[in-house]
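The values are calculated or read from the model by the stated rules, or taken from the named source; none is laboratory data. Bear in mind the structure is a predicted one, so any value in this text is a computation, not a measurement.
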């Protein structure tokens, strides 16, 4: 495979990724203050932050796509991280709909 062919493949992959991740997705979980860092929580920390939810329940919500997340690492040793703002937004939406 030539360098040109590799560059074309990388460009196509980048285009696909850009199409999947929109700016509105990022803004919906970003903190309102631009200087404030995004606080990410592990599943265990999510369970501690919201009493009554277990790690297992939060994992299921992540798998179903109800709470946005990202995975660090690979395989079983990789951690699932959830934005604290996204978790609180999900809980607040549940309260409003109840």
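Test residue 20 against the criterion of being modelled with pLDDT of 75 or more and on the phi < 0 side of the Ramachandran plot, and give yes or no. It would help to see each step written out before you state the result.
Working: modelled with pLDDT of 75 or more: no; on the phi < 0 side of the Ramachandran plot: yes.
Answer is no for this residue.
Being modelled with pLDDT under 90, more than 17 Å from the chain's Cα centre (by Cα) and in a loop (DSSP other than H, G, I, E, B), is that true of even one residue in the stretch 77-84?
No, the stretch 77-84 contains no residue that is modelled with pLDDT under 90, more than 17 Å from the chain's Cα centre (by Cα) and in a loop (DSSP other than H, G, I, E, B).
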